[in-house]
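Asks: Once you've had a glance at the structure underneath, I'll fire off some questions.
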Amino acid sequence: MSRLLVTGGAGFIGSNFVHHVVGNTDHHVTVLDALTYAGNRASLAGLPEDRVAFVHGDITDAALVDELFSEADAVVHYAAESHNDNSLHDPRPFLDTNIVGTYTLLEAARKHDTRLHHISTDEVYGDLELDDPERFTENTPYNPSSPYSSTKAGSDLLVRAWVRSFGVRATISNCSNNYGPFQHVEKFIPRQITNVIRGIRPKLYGAGENVRDWIHADDHSSAVLTILDKGVIGETYLIGADGERNNKDVVELILQIMGQPADAYDHVTDRAGHDLRYAIDSTKLRTELGWAPSFGDFESGLSATIEWYRDNESWWAPSKDGVEAFYAEKGQ
Ligand code: NAD
Ligand code: DAU
């Protein structure tokens, strides 16, 4: 049994990972989470206390991080400011958490020689044309567009430098867009599902031609466990499940599954600098480490996610009005 420290484990993907670890391994998990607007203790409710401990704290707190690293066999680093629209409104917290926070963890990993897995995003590679035959690979040059993706790119480069210069035992993964339970209602899919539940028309940025490569959060979790288990130190692995869809198709599918007319949505102001298309080639992870996704069918994964939001209104309702007020101010 290993002792895992999971930063950002009260957020969307981090909490899905903690549930996955408890259900599929005998590891003990300590979650370190600052409980920003995006963190929610309720996402960890019901997990056994002898398997999961929670520490309320900030990854930029070097003394706390040092203490927690001294007690961990491995660290999985999810904590981040994660929303592009917020980064366009107020970039500063993205620099603090994504850059300084990752630096703080790297210094602790160096001191304690702790195995670290850094969670990153496909957005570090910029975007693709709709008809580009090539997808992102581990060799695609970095070209981030937003304050969010540029700080994630910066954090990846810090990890690479600490591996090369100080021998830190780290790996990196860059994953595509996740969907599933426990995702904050500021994000595209939960926003539209909860809009329909509330009787609000879904909001599509611009023409809705932008393509995202969807993967269920549980598949992201199994990929991260695979990398922790078999990944080669210093290597980067791209995680994706061949789930490309444009935003217009996703909104229309949500409306159809929820029994609404497929055209019952509004086009709203586009995102500044909006990336056109992300697409992941995950051949390296599949062939070298033997990983494969379990959620092959986006439509059934999406239906289950819709059911989860219908069944868990008390989880998302406290955030909904504030998020919609924020978007309304921007014409979105
Ligand atoms: P999220 O915003 O839902 O959760 C982030 C969590 O980090 C929250 O619980 C928050 O409280 C915590 N946090 C933020 N700042 C902190 C700090 N300074 N100290 C401690 N905790 C802090 O994010 P998410 O969507 O779950 O993303 C998790 C990670 O996965 C991020 O690193 C993100 O870049 C990456 N990622 C996300 C996606 C996606 O589709 N959402 C895809 C690929 C990669
Ligand atoms: O690709 C991985 C990234 O995916 C992660 O690194 C980010 O943390 C995560 O937030 C996500 O980034 P996106 O910007 O792609 O996700 P978002 O849910 O904000 O938007 C998805 C698409 O939907 C994007 O093209 C913008 C569009 N959109 C979004 C919202 C909130 C809309 O059309 N309407 C909306 O209301």
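Asks: Any idea which of (1) within 14 Å of ligand 1 (Cβ to nearest atom); (2) in a loop (DSSP other than H, G, I, E, B) is the one Asp242 doesn't satisfy?
Replies: Only one criterion is unmet by Asp242, namely (1).
Asks: Filter segment 64-82 down to residues that are over 15 Å from Ala34 (Cβ atoms) and not in a loop (DSSP other than H, G, I, E, B) and give me whichever is nearest to ligand 2 (Cβ to nearest atom).
Replies: Applying the first criterion (over 15 Å from Ala34 (Cβ atoms)) to segment 64-82 yields 66-67, 69-76.
From what's left, not in a loop (DSSP other than H, G, I, E, B): 66-67, 69-70, 74-76.
Numbers: Asp66: 27, Glu67: 28, Phe69: 25, Ser70: 30, Ala74: 22, Val75: 20, Val76: 16 Å.
Result: Val76.
Asks: Ok, one more. Condition test on Ser120, is it at pLDDT 95 or above, of a type outside the set (A, V, I, L, M), touching a helix residue (DSSP H, G or I) at 6+ places or on another chain (Cβ under 9 Å) and over 30 Å from Ser314 (Cα atoms)?
Replies: The answer is no for Ser120.
Asks: Within segment 309-321, work out how many residues are surrounded by 17 or more Cβ atoms within 10 Å (Cβ to Cβ) and farther than 10 Å from Thr194 by Cβ.
Replies: Residues of segment 309-321 surrounded by 17 or more Cβ atoms within 10 Å (Cβ to Cβ): 309, 315-316, 319-320.
Right, trim to farther than 10 Å from Thr194 by Cβ and you get 315.
Of the residues in that region, 1 qualify.
Asks: Just give me the residues in segment 203-239 being in a loop (DSSP other than H, G, I, E, B) and farther than 30 Å from Val323 by Cα, in sequence order.
Replies: Here is the first cut: in segment 203-239, the residues in a loop (DSSP other than H, G, I, E, B) are 206-210, 214, 231-235.
Hits for segment 203-239 are Gly231, Val232, Ile233, Gly234, Glu235.
Asks: When you scan segment 274-290, do you find a residue that is over 22 Å from the mean Cα position of the chain (by Cα), surrounded by fewer than 13 Cβ atoms within 10 Å (Cβ to Cβ) and of a type in the set (Ser, Thr, Tyr), even just one?
Replies: Looking for residues that are over 22 Å from the mean Cα position of the chain (by Cα), surrounded by fewer than 13 Cβ atoms within 10 Å (Cβ to Cβ) and of a type in the set (Ser, Thr, Tyr), one finds at least one in segment 274-290, hence yes.
Asks: Counting only residues that are part of a loop (DSSP other than H, G, I, E, B), buried (at least 18 other Cβ atoms within 10 Å of the Cβ) and more than 6 Å from ligand 1 (Cβ to nearest atom), how many does segment 1-26 have?
Replies: Residues in segment 1-26 being part of a loop (DSSP other than H, G, I, E, B), buried (at least 18 other Cβ atoms within 10 Å of the Cβ) and more than 6 Å from ligand 1 (Cβ to nearest atom): 1 in total.
Asks: Can you list the helices (runs of 4 or more DSSP H) found entirely within segment 83-202 that contain at least 3 residues being more than 11 Å from ligand 1 (Cβ to nearest atom) and of a type in the set (Gly, Ala, Ser)?
Replies: 147-166
Asks: Just need a number here: residues in segment 186-230 that are over 30 Å from Val159 (Cα atoms), more than 9 Å from ligand 2 (Cβ to nearest atom) and buried (at least 20 other Cβ atoms within 10 Å of the Cβ).
Replies: Result for segment 186-230: 3.
Asks: Could you say which residue among Val31, Val65 is surrounded by 15 or more Cβ atoms within 10 Å (Cβ to Cβ) and under 20 Å from Ala217 (Cα atoms)?
Replies: Just one listed residue meets the conditions, Val31.
Asks: State whether the residues of segment 283-305 include one that is more than 19 Å from Gly180 (Cα to Cα) and among the small types (Gly, Ala, Ser).
Replies: yes
The values are calculated or read from the model by the stated rules, or taken from the named source; none is laboratory data. Computed from a prediction, not measured in an experiment: that's the story for all the values here. All Cβ positions, glycine included, derive from the backbone under ideal geometry; neighbour counts span all protein chains shown.
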